[in-house]
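First the structure, in the form of structure tokens, and then the observations on it.
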Amino acid sequence: MHRLKNWGAVRAAAAVAVLAAAALLSGCGLFKTKTRISVPQPLTPLVEADMPQMFEEINRLGAVKSLNGRVDIQFLDTSYAPCGLADKYRTADGKLVVQRPGQVYLTVQVPVIGTKIAEMSSTGERFWAAVYQGDLKYRRFVTGSNAARYEKLDADGTGQSPDCNMSGKRREEAMQRATVSALSSLRPQHLTDAVLVPPVSFEDTRHVYSQAETFEEEADPRPGAPKGARVMRGYYVLSEMELLTQNRARVTRRFWFDRVGTLRLARVQIYGERGQLITDVVYSNPQPFGEEGRLRLPAQIELTRPQDHYSIRIAFQDPGAVKVDQPYDPEIFVLKNSSSLQEVDLDAAVKKP
């Protein structure tokens, strides 16, 4: 009995010690009471889908043969991102014509005034890009082959790394060179693949596909949502992998599907041979396209090329006025140097010793 009384005393003393420690820690701020933590709420309802349904959604967009319409276009040059800088164009007017396979014509001009900023096109095999704005020494007409790989050139024809210590006029000139370089590096065929999504097929024996679920924290898109409110949006991610050997494969593309309310292709990522992210395209604001409005397509497309240091955002001004699936003569996708700009043949530059 004596031992039990002692053990009870020990337990009482231990309880007092624990309470004292808890009070001490609470005073130190390690334990806080009545603290409200804002947890992002999931958007609902989430649709369930299998791989055939995802293929169907990709191929619904992949069935579009051509688009022709007026667009708002905004360009972001990230060449100086290591310095914490980015050169962002104001939104400009544009006309975009895309046609499979790989054909595109884009003109960019100053709103209202109509002065051309840039013009570019591709036949699917060759591309042309003309830059009309900026200092005379920076304006040029670039041509090359779609299948070729080129090092990024600055306006003087050399690949210079950004100098973050520059200031004043030198920095302004360097930023202008970087912007012209990025515009010249914008490959028209990248726009074609972004606007006209390539289809997929179960008959393709070179690739295998896997499906996964994920959730991303995003800004609350709902009308009347408090400023700064966050939500969790559910996605399916369909990964396309190229078979290399019996037990090896590499990811070639990832398709992101928004699951909130309906299944919608929201993003496509394209990867290089070493797994580097080459292209990242985000699709948003689905709208009825064409006079009859029977085809629902994304009215806003944001294309990012991380390796080329630029991002371009395209928004169709009037989706209902866009011409859908009309055939176009291949000649309209051949750009001529009608302004006598300095010509840069990238193929010729590569061949130089």
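Every number in this text was worked out from the coordinates using simple rules, so none of it is lab data. Predicted model only: the values in this text are computed from it and were never measured. For neighbour counting, all protein chains shown are included, and Cβ atoms are generated from backbone atoms with ideal geometry for every residue, glycine included.
In this rough spin-label picture, where each label sits 7 Å from Cα along the Cβ direction, the Gln300-Gln287 distance is 1.1 nm.
Test of understanding: what is the full-extension gain from Lys95 to Arg149, defined as 0.36 nm times their sequence separation minus their Cα-Cα distance? Write out the running numbers ahead of the final one.
Details: separation 54, 0.36 × 54 = 19.44 nm, distance 2.70 nm.
Taking 0.36 nm per residue and subtracting the Cα distance, the gain is 16.7 nm.
Spin-label model, Gln307/Ile113: points 7 Å from Cα along the beta carbon direction are separated by 3.6 nm.
Full extension of the chain between Asn247 and Met232 gives 1.9 nm of extra length, using 0.36 nm per residue less the Cα-Cα distance.
Neighbour counts of other C-beta atoms within 10 Å: give me Glu217, Glu242, Glu203, Glu125 arranged from fewest to most. Present the calculation step by step, with values, prior to reporting the outcome.
Values: Glu217 9, Glu242 16, Glu203 5, Glu125 12.
By the 10 Å Cβ count, ascending, the order reads Glu203, Glu217, Glu125, Glu242.
Panel order for Ser38, Ser121, by other beta carbons found within 10 Å of each beta carbon, from fewest to most: Ser38, Ser121.
Classify the stretch 244-353 from the C-alpha gyration tensor, please: rounded if a/c falls under 1.5, else prolate or oblate depending on whether a/b exceeds b/c. All intermediate terms of the calculation are to be shown ahead of the outcome.
Working: a/c = 2.24, a/b = 1.11, b/c = 2.02.
It comes out oblate by the Cα gyration axes.
Using a 7 Å offset from Cα along Cα-Cβ at Ser201, what residues in the stretch 95-120 end up with backbone N under 18 Å from the label point? What the label zone holds, given the 18 Å backbone N cut-off, is 100-102. Summing +1 for each Lys or Arg and -1 for each Asp or Glu among the other residues whose beta-carbon sits under 9 angstrom from that of Val268 gives +1.
Once C-alpha pairs closer than 8 Å and six or more residues apart are averaged by separation and normalised to the residue number of the stretch 194-239, the relative contact order reads 41 percent. Sorting Ile312, Ile278 by the number of Cβ atoms found within 10 Å of their own Cβ, with the fewest placed first, yields Ile278, Ile312.
Once you list every other residue whose beta carbon is under 12 Å from the beta carbon of Val281, what net charge do they have if Lys and Arg are +1 and Asp and Glu are -1? Please report the intermediate quantities before stating the final value.
On the way: positive: Arg253, Arg254, Arg267, Arg305, Arg313; negative: Asp193, Asp280, Glu302.
Its environment carries a net charge of +2.
Can you bin the stretch 291-333 into rounded, prolate or oblate? Criterion: square roots of the alpha carbon gyration tensor eigenvalues sorted a ≥ b ≥ c, rounded for a/c under 1.5, prolate for a/b above b/c, oblate for the rest. Could you put the intermediate results ahead of the total?
Working: a/c = 3.13, a/b = 1.43, b/c = 2.18.
In terms of gyration-tensor shape, oblate.
Taking a ≥ b ≥ c as the square roots of the eigenvalues of the alpha-carbon gyration tensor, the stretch 186-237 is classed oblate because a/c is 1.5 or more while a/b is no larger than b/c. Under 18 Å from a point placed 7 Å out from the Cα of Ile332 along the Cα-to-Cβ direction: which residues of the stretch 105-134 have their backbone N that close? Once the point is set 7 Å along Cα→Cβ of Ile332, 105-109, 119-125, 128 turn out to lie under 18 Å by backbone N, inside the stretch 105-134.
Annotation for Asp72 and Leu341: the two label points, set 7 Å from Cα along the Cα-Cβ direction, are 2.5 nm apart. Working out 0.36 nm times the residue gap between Ser210 and Glu273, then minus their Cα-Cα distance, what length gain in nm do you get to one decimal? Separation in residues times 0.36 nm, less the Cα-Cα distance, equals 20.8 nm.
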